[in-house]
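Visitor: Just passing along the structure, written as structure tokens.
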Amino acid sequence: MRLVAHVDMDAFFAAIEERDRPELRGRPIAIGADPLEGRGRGVVATANYAARAYGLHSAQPISQAWRDAERARKQGRPPVVFLRPNMTKYATVSGEIMTLCRRYADLVEQASIDEAYLDLSPSGSFEAAEDLCRRLKQEVRDQERLTMSIGLGPNKLIAKIASGFRKPDGLTVVRPEEVEAFLAPLPIRTIPGIGPKTETILAQQGILRISDLAARTKDDLCASFGKRGADFYERARGRDDSPVSSEWTPKSISEQETFATDTRDATYLLDQLARMCGHVMERVRAEGFSQVGTVAVTVRFADFETSSRAHTLDAPTSDARLVQAEAIKLLLPFLDKRRNPKGKAIRLLGVRVERLA
Ligand code: TTP
Ligand code: MG
């Protein structure tokens, strides 16, 4: 029998700040770009649950978050505390959480900074696996003073959906015979891989819940969505045979910055790039990795046109200077005619490293 757990920390960055700064406890918090009293650019990385009640959320423009926060403040509700992220600290905590997870399973696949899949099949039963999940949650609470939510199911797909089912501090167990009833009422967006665009198309066909999706034939779905249709057909039934794999980490580490004003200043951009490469490599080490295989740079121009260039190194490296040199090579074409023939100013710069080992 396969037993897979998916763990996901609750309001991760915000929970760490709340833990470390007692004066913030219980207050609404948003971590992200500087709101600059509503004139700020960039986005919210995360908001704690108190701030989510005001409408704040991950990836929301910081200016909009500020307006939501102001509206709440004017209604006499507690004001939102806006904080800049401390990525090195979050990376260190992430590394510690992953170490705790590895005490409960031989096979752990880290899926993001605060998420992992654990293969608990060797425990032999749902009861034994559930007990391990409870102990892991307790250990995270004792050692880190943070809460995590866990989903336990017969595969990665069900585990992932279950971990998001009851948050924060949830533990949701879905046995094979419960899969169909568990999925049926959930909105189709709950299925990983169904984003806002696909959701709209499916909604136009009257498909709103997973039960609606499961009622369609495979041919029907393939006619509308091609190869992805066959995938949807399987997922609507809760089927997923992808393995929990620790050899390969799908994770990447990135940093990006929206500048206060759009810029063409090459010296400034190269300085910012160097600073971001330094931070990213610091986080690579803090999370317990030593080498990176791929470097990527993203540029967003003033008109919001966004492009990325990536390069996979001949051999993985732990040398931060080499990563920086690669990033510079990737950026330069955006500063001249090669990738920027109209000489547009740059709004945002990002660096990402992948193939972490
Ligand atoms: P999530 O697990 O998606 O969110 P969360 O842990 O803050 O909240 P939840 O309780 O719903 O799990 O992401 C983990 C961290 O990754 C989050 O704390 C901040 C960061 N993050 C971003 O920086 N940008 C994003 O768009 C998202 C979704 C997350
Ligand atoms: Mg989380």
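Each reported figure results from applying straightforward, stated rules to the coordinates on display, with no laboratory input. None of the values given here were measured: they were computed from a predicted structure. Note that each Cβ is placed from the backbone with ideal geometry, even for glycine, and that neighbours are counted across all protein chains shown.
Visitor: How large is the Kirkwood hydrodynamic radius of the chain, counting all unique pairs of alpha carbons, in Å? Please report the intermediate quantities before stating the final value.
Guide: On the way: mean 1/r = 0.0448 Å⁻¹.
Mean inverse Cα-Cα distance, inverted, gives 22.3 Å.
Visitor: Distance check, please: which entries in K160/K251; K167/K227; K137/K167; K137/K160; K197/K342; K251/K344 exceed 22 angstrom between their Cα atoms? Mind dumping the intermediate values first?
Guide: Working: K160/K251 16 Å; K167/K227 33 Å; K137/K167 13 Å; K137/K160 16 Å; K197/K342 31 Å; K251/K344 32 Å.
Violating the 22 Å Cα-Cα cut-off are K167/K227; K197/K342; K251/K344.
Visitor: Using DSSP to call loops (not H, G, I, E or B), can you name the trypsin sites (Lys or Arg not before Pro) in the stretch 286-344 whose Cβ has at most 10 other Cβ atoms within 10 angstrom?
Guide: Numbers: sites: R300, R309, R321, K329, K337, R338, R339, K342, K344; in loops: K337, R338, R339, K342, K344.
Taking the stretch 286-344 and a limit of 10 other Cβ atoms within 10 Å, the loop trypsin sites (Lys or Arg not before Pro) found are K337, R338, K342.
Visitor: Of all trypsin sites (Lys or Arg not before Pro) in the stretch 18-89, which ones are in loop regions per DSSP and have a Cβ with at most 14 other Cβ atoms within 10 Å?
Guide: Working: sites: R19, R25, R39, R41, R52, R67, R71, R73, K74, K89; in loops: R25, R39, R41.
Passing both the DSSP loop test and the Cβ count: R25, R39.
Visitor: For the stretch 194-250, run through the GluC sites (Glu not before Pro) and keep only the ones in DSSP coil with at most 10 other Cβ atoms within 10 Å of their Cβ.
Guide: Values: sites: E199, E234, E247; in loops: E247.
Filter output for the stretch 194-250: E247.
Visitor: Let me have the 222 nm mean residue ellipticity of the chain computed from DSSP H runs of 4+ only, each contributing -39500 (n - 2.57), with the sum over all residues rounded to the nearest 500.
Guide: On the way: 13 runs with 145 residues, N = 357.
Taking each H run of at least 4 residues, the total per residue is -12500 deg cm²/dmol.
Visitor: Another question, then. Quick one: order I97, I346 by neighbouring beta-carbon count within 10 Å, fewest to most.
Guide: Working: I97 26, I346 22.
With the sparsest Cβ surroundings first, the list reads I346, I97.
Visitor: How do the peptides 76-85, 284-293 rank, highest first, by the average count of neighbouring beta carbon atoms within 10 Å per residue?
Guide: Numbers: 76-85: 15.7, 284-293: 18.4.
Ranking the peptides 76-85, 284-293 by packing returns 284-293, 76-85.
Visitor: Take the alpha-carbon centre of the stretch 242-301, take the same for the stretch 24-81, and report the distance between them in whole Å.
Guide: Here the answer is 25 Å between Cα centres.
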